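> What follows is a single structure, and I will ask about it in a moment.
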Amino acid sequence: MTASTSAGSARVECSRAGCRDDAVWAVHWRNPRIHAADRRKTWVACDAHVSYLREFLSARDFPVRVEALSNEPA
């Protein structure tokens, strides 16, 4: 996930290799073989790649949850 700031707003780029579009989705996932149940990783996706990333992770039987990306500070 890449974040940069310009004029006070954060820009987050899609996690898909080679894509530099703005991310609008958060794809939360974990690998149950190596991550504890409370551990989650997050990729971010543009509209064009959210399905690809979700399917890539689901095909590996990883638990996946997709939600709108919030630009508010955590």
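The values are calculated or read from the model by the stated rules, or taken from the named source; none is laboratory data. Computed from a predicted structure; not experimentally measured. Don't worry about glycine lacking a Cβ; one is built from the backbone with ideal geometry, like all the others, and counts go over all protein chains shown. We work out accessible area using only protein heavy atoms, side chains counted, and drop any ligands, DNA or RNA first. Shrake-Rupley method; radii C 1.70, N 1.55, O 1.52, S 1.80 Å.
> Summing +1 for each Lys or Arg and -1 for each Asp or Glu, what net charge is found among the other residues whose Cβ lies under 14 Å from the Cβ of ASP21?
Here the charged neighbours net out to 0.
> Would you tally the net charge around ASP61, using a Cβ to Cβ cut-off of less than 14 Å, leaving ASP61 out, and scoring K and R as +1, D and E as -1?
+3
> For a quick check of understanding: with a 1.4 angstrom probe and all protein chains in place, what accessible area in square angstrom does VAL24 have, to the nearest ten?
Taking all protein chains as shown, VAL24 has close to 60 Å².
> Once you list every other residue whose beta carbon is under 10 Å from the beta carbon of ASP47, what net charge do they have if Lys and Arg are +1 and Asp and Glu are -1?
Overall, the nearby charge balance is -2.
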